[in-house]
Amino acid sequence: AKSLFRLFRVYDRNFSGNDYLGLGLACQDPIAEVRRAILKKVDSNMAYLLRYQRSAQKRMAKTLALYSLYAADPTELNVKHAFHSMQRVIAKRRVAVAQMSLAKASSKDAGTLSNEMPEFALVYLVYFIAHHPDYSSADMEAEENAISSDSLVVLFKDTMQMFLEALLLPSKRPKNAETMANTLKVNAGVAIKILRQLKYCDIFDLENEVADAAATINGHQICDIGMSLSRRLLVALSPLKGAVPSKFSGSLHLPSSYYHQKSLTAEDKRLDGSDLPPDLRGPRLRDPLFSEQCGIKMKYRTATIKRKAVMEPSVKLGDQKKKSVKPEHAHRRV
């Protein structure tokens, strides 16, 4: 597994989709020592990329997506480590994108920075889950309760939810509820737009140079699950009621070795719906959330109510007489 990761670090451009799939499956190896060793390799590779190769957005997105594959890890320490690492990397990438946007604005460059955003890792995460050997869209259509089965919930829905939670939540607790709600709405809007764009694509089989029909159906279902989870997470995490995702006008330049854009008309897009079976739509959130499991608290309602209770006493100040309180033993001479 370590040798495969070394090859990925050096020959990332020559890595095919099957090679990346093998690297992801190593993160879910049944041996605990292997999973832990790969997690350390992911940390070291990401630290190297953030420090020396900030422009390698594809390789950085592939590495970032590997963290979410630890969502079903039986070792809780690995889950917490992966989630916190994702949050740190996402926060650094957002700072880097903000600096790039300022540089582009000063140079009057009209180029897009969508591929530099941490949400770009969703492209590779969807590709990995669509090719996972345990995922089968035929089983989902055959079983009405497939959405609650152990394989789908633990390996796929929770994998997507872990990554989306790290994307939506800010790295630090904002000063007020309005800032928190706006940050969640913007981040959810970007994630939904990217997943929506992937639904208009075919997953490409580079070896046979044709579209992979089975993987494409799996990918569209994963995108539906991700969009539903994004909206549910927005409602669950937002301190304000009625939160709606913001609209994101950008678009991604998808890697041609993984995806091919479909030629759809506007009418096709309007009629497009969920690819999940009717009984499997609307997946529930994991209880507890990954952020709650990792000890991250960003709630505002309870704190606001407590402050109001202190600031609004039941007895008015005009009904009370001011009394001067003398300190104890004040009559004694020192």
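The values are calculated or read from the model by the stated rules, or taken from the named source; none is laboratory data. Everything quoted here is computed from the prediction, not taken from an experiment. FYI the Cβ positions are ideal-geometry reconstructions off the backbone, even for glycines, and counts take in every protein chain you see. Remember, those area values only see protein heavy atoms, side chains included, never the ligands or the DNA or RNA. Shrake-Rupley method; radii C 1.70, N 1.55, O 1.52, S 1.80 Å.
Count charges around residue 26 for me, please; just the other residues with Cβ under 13 Å from its Cβ, Lys/Arg as +1, Asp/Glu as -1.
Residues close to residue 26 contribute a combined charge of +2.
Set the Förster radius R0 to 30 Å, insert the Cβ-Cβ distance between residue 2 and residue 76 as r into 1/(1 + (r/R0)^6), and round the FRET efficiency to 0.05.
The pair residue 2/residue 76 has a calculated efficiency of 0.80.
For residue 259, enumerate residues with amide H under 5 Å from its amide H, sequence gap 5+ or separate chain, H modeled in the peptide plane.
Answer set, sorted by chain and number: 204.
How large is ³J(HN,Hα), in whole Hz, for each residue of the range 234-251 in order, when computed from phi with the Karplus curve 6.51 cos²θ - 1.76 cosθ + 1.60 and θ = phi - 60°, using x for Gly and Pro?
Running phi through 6.51 cos²θ - 1.76 cosθ + 1.60 with θ = phi - 60° gives 4, 5, 6, 8, 6, x, 10, 7, x, 6, 10, x, 6, 7, 10, 8, x, 9 Hz.
Accessible area per residue for the range 170-210 in Å², computed with a 1.4 Å probe and the full protein assembly in place, what is it?
Here the per-residue accessible area is 49 Å².
When only alpha-carbon atoms are used, what values of Rg and Dmax, in angstrom, describe the range 25-91?
Here Rg and the maximum Cα pair distance are 11.6, 34 Å.
For the peptides 72-85, 121-134, what is the packing order when you average, over each peptide's residues, the other Cβ atoms within 10 Å and list the highest mean first?
121-134, 72-85
Of the listed peptides 59-66, 29-36, 239-246, 196-203, what is their order by residue-averaged count of other C-beta atoms within 10 Å, with the highest listed first?
Ranked from most to least packed, the peptides come out as 59-66, 196-203, 239-246, 29-36.
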